[in-house]
Amino acid sequence: MMVEFAKDPSRNLPVKNNLIRAVQRKKQPKFPKNPTDLHFDWDQYGSCIPDGYFRRDIAITSRERVDRHLIFATDYQLSLLRKAKRWYGDGTFFICPGPFYQVFGIHVLIRHGTLSKQVPVITILMSGKRKKDYVAVFAAVLELLSQDGKQPKVMEFMMDFEAAMWQACKEVFPAVKPVGCSFHLTQSFYRNIKLIGLAPSYRKDSQTRKTCRELLSLYLLPEDKIAKRFQQIEAQQMVSC
């Protein structure tokens, strides 16, 4: 067997993803099951989390509903977040465990020599996405970063076009400039193309496609030139109609 392995080790090594799944299956019985509602006791899950990683358990209770948000970050991740001048916020729903609604992360750009990489430095399980949810979460993050008299150096916070998130950012970080994300803007633009029934024309008609792309690229212009360029595009369409 060793002779065969030596002939072509890369071919005979197990697939990495298969190893990961095998280890996860082996460990699964030792972990508690995901909670079915938000009224769970954190202590049974705390033993599965590395020391110092779990930071906050935020509860927002009203007569209508109960929301809960859990914040996770290491000391080193918090130090990176504190030093960064630009934050990148994003939420995902696909990997979020119930009963939570989304996994929200704040990322920063890490540079090493000529290389740069955007990495998550704080992870938050959120059961809601109202303004009061984001206010509570951002306030807790600010508190974590402001310990020992230190203050975060953030100047810009890039996020998607979610009104509640923008309002919360302005309330908790009044000196920080919220910045829209071009990826989410593009997604929103194409969703609206489908919503108003332009999708077939966009696919088949080159002029419709050109006009839509011109509108989509308006955000790349200086702020004082956007309105004028929009009016020019609108006038061109009036002439061609």
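Only Lys, Arg, Asp and Glu count, each charged at its Cβ (+1, +1, -1, -1), so figure out the dipole size of the chain about its Cα centre, rounded to 20 debye. Using only the charged Cβ atoms, the result is roughly 680 debye. Positive end of the charge dipole of the chain (Lys, Arg +1 and Asp, Glu -1 on Cβ, about the Cα centre): tell me which of Ser188, Ala59, Gly128 has its Cα farthest that way. It is Ser188, whose Cα lies furthest towards the positive end. State the dimensionless ratio Rg/Rh of the stretch 103-217 (Rg: radius of gyration of Cα atoms; Rh: Kirkwood radius). Reported Rg/Rh, Kirkwood definition of Rh: 1.09.
For Ser47 and Lys131, a Förster radius of 30 Å and the Cβ-Cβ distance give a FRET efficiency of 0.30, rounded to the nearest 0.05.
Is there a quick way to get the dipole size of the stretch 1-123? I mean about its Cα centre, with the Cβ of Lys and Arg at +1 and of Asp and Glu at -1; what is the value in debye to the nearest 20?
440
Quick one: which of Lys33/Lys83; Lys129/Lys170; Lys30/Lys129; Lys131/Lys225 span more than 25 angstrom between C-alpha atoms? Flagged as over cut-off: Lys33/Lys83; Lys30/Lys129; Lys131/Lys225. Counted over the stretch 27-72 with a bin width of 10 Å, the fraction of Cα pairs per bin, in whole percents, is 21, 51, 23, 5. Relative protection proxy for 153-163, 17-27, 189-199, from highest mean packing down: 153-163, 189-199, 17-27 (other beta-carbon atoms within 10 angstrom).
For the stretch 73-135, the convex hull drawn through the C-alpha positions has a volume of 101 cubic angstrom per residue.
With percent of Cα pairs over 27 Å apart in mind, check (1) 41; (2) 51; (3) 55 and report the label derived from this structure. After the calculation, the listed value that fits is (3).
The protection proxy used here, the mean number of other Cβ atoms lying within 10 Å of each residue, ranks peptides 109-120, 209-220 as follows, highest first: 209-220, 109-120.
When the helices of the chain are scored as -39500 (n - 2.57) per DSSP H run of n ≥ 4 and the total is divided over every residue, the value at 222 nm lands at -13000 deg cm²/dmol. Taken about its Cα centre, the stretch 71-211 carries a charge dipole of about 560 debye when Lys and Arg each add +1 at the Cβ and Asp and Glu each add -1 at the Cβ.
A straight Cα-to-Cα reach below 20 Å connects Lys85 with the aspartates and glutamates Asp75, Glu143, Asp148, Glu156, Asp160, Glu171, residues fewer than 8 places away in its own chain not being considered. With the largest listed first and rounded to whole Å, the semi-axes of the equivalent ellipsoid of the stretch 189-239 from the Cα gyration tensor are 21, 13, 9.
The translational diffusion coefficient of the stretch 49-180, from Stokes-Einstein at 20 °C and 1.002 mPa s with a Kirkwood hydrodynamic radius over alpha carbon pairs, comes to 141 µm²/s. Here the Debye sum runs over all C-alpha atoms of the stretch 136-179 as equal scatterers in vacuum, and log10 of I(q)/I(0) at q = 0.17, 0.24, 0.26 Å⁻¹ comes out as -0.46, -0.86, -0.98. Put +1 on the Cβ of every Lys and Arg and -1 on every Asp and Glu Cβ in the stretch 189-239; which of Tyr202, Gln232, Tyr219 then has its Cα farthest towards the positive end of the dipole? Of the listed residues, the answer is Tyr202.
No lab work stands behind these numbers, since they all come straight from the coordinates. Just so we're clear, the structure is a prediction, and the values are computed from it rather than from any experiment. Methodologically, a virtual Cβ is constructed for each residue, glycine included, from the backbone with ideal geometry; neighbour enumeration extends over all protein chains shown.
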